């Protein structure tokens, strides 16, 4: 083969050979400009919560909350509220081994706001009079003593009755006993370890109410109260104040350390005041503090309750005629009850002639009011001088 033909053959072979494909070049993604505006971060929502601190600092702290979409606020839709801080110190309850004393204290305060009572409910029942309520509650106290029920049971029944009547209208006086015994039946099942049977409650009504009436009224009360059955009563506040004042052993805070004799004197004052419908003008914590104040000093009351004098003084003055009447009576004595230990006798509800004491107290209140309205009490009557003392005209 000639040299020329060999070159032609080589060129033909090279032209038939495929060239290798080049790999595509990867382009870098453009980096975001540092000057480009970043999307605005979502605003974090916070809410103010109330807490109690040992050092007496502000009780408000900021707590982070889950994100909420913030919408433009319409000032016209704002509601106006007025707040009154009755408590000026942190929890008076000592440190507890089984719970946080601050949590216990705050829960008790929150119940004051949740469980509302108001004496104006009588306006919803034109056929009822305040004396009818007093007669009913006095009878319930007597039933409690007969069956050795606790004071807390009696005060729960009173609270259930008053709050139930606040939800009703035009109740006839013939139904008051049924409502009262049904409220006591509910309270006994909540508070007592061995509550009396429903037949016992029907028996004390002397045939006025049967078990079916009590069961039907019980369900009616429970629905009307929306099953809210755990208020802090005046007696539970009083027991707390007395225990905090007398406690010397913080390890056994639940063991009563106060004087039983003094305690039953204060409870007798509370029993008497409870029969007066005007007691519903005050929170249960204030009622207990005012009663405690009549047997101690305000400094002690402020220490155990954290209440200011402005919060307690109206109730203390209102309670004074009741205290004056009780001072004229013999001091109450601890009673013995079957199957009740000696160190628990003060917890059992007792009964005296409260209606007579209530009548005397209310008369005393009217006399005090007349004395305050009389100008003689203030020495404001101006007596003209005698003619001999008149100055001569010059």
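The values are calculated or read from the model by the stated rules, or taken from the named source; none is laboratory data. Being a predicted model, the structure only gives us computed values, none of them experimental. In this analysis, Cβ positions are derived from the backbone assuming ideal geometry, glycine residues included, and neighbour counts consider all displayed protein chains.
List of remarks:
- Taking segment 290-317 as the range and being within 12 Å of residue 269 (Cα to Cα) and either under 16 Å from the mean Cα position of the chain (by Cα) or assigned to a helix (DSSP H, G or I) (or both) as the test, the residues that pass are 290, 291, 292, 293, 316.
Yes/no per residue for (1) surrounded by fewer than 11 Cβ atoms within 10 Å (Cβ to Cβ); (2) touching a residue at least 60 places away in the same chain (Cβ under 8 Å); (3) closer than 30 Å to residue 195 by Cα:
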{"site": "309", "(1), (2), (3)": "no, no, no"}
{"site": "314", "(1), (2), (3)": "no, no, no"}
{"site": "317", "(1), (2), (3)": "no, no, no"}
{"site": "336", "(1), (2), (3)": "yes, no, yes"}
{"site": "340", "(1), (2), (3)": "no, yes, yes"}
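- Evaluating residue 94 against the criteria (1) surrounded by 11 or more Cβ atoms within 10 Å (Cβ to Cβ); (2) modelled with pLDDT of 85 or more; (3) assigned to a loop (DSSP other than H, G, I, E, B) leaves one unmet condition, (2).
- Among the residues of segment 365-385, not a single one is modelled with pLDDT of 90 or more, in contact with a helix residue (DSSP H, G or I) (Cβ under 7 Å, 6 or more places away or on another chain), in the same structural domain as residue 276 (by TED's automatic domain parsing) and part of a helix (DSSP H, G or I).
- Subset of segment 117-134 [over 21 Å from residue 355 (Cβ atoms) and exposed (fewer than 12 other Cβ atoms within 10 Å of the Cβ)]: 120, 123, 126
- Filter pass, residue 219 being assigned to a helix (DSSP H, G or I) and under 25 Å from residue 278 (Cβ atoms): no
- Members of segment 335-349 found to be part of a loop (DSSP other than H, G, I, E, B) and at pLDDT below 95, listed by number: 335, 336, 337, 338, 339, 340, 341
- All positions within segment 195-225 that are at pLDDT below 95 and out of contact with any helix residue (DSSP H, G or I) (no Cβ under 9 Å at 6 or more places or on another chain): 206, 207
- Any hit, segment 153-160, residues being over 22 Å from the mean Cα position of the chain (by Cα) and in contact (Cβ under 8 Å) with a residue 24 or more places away in the chain: no
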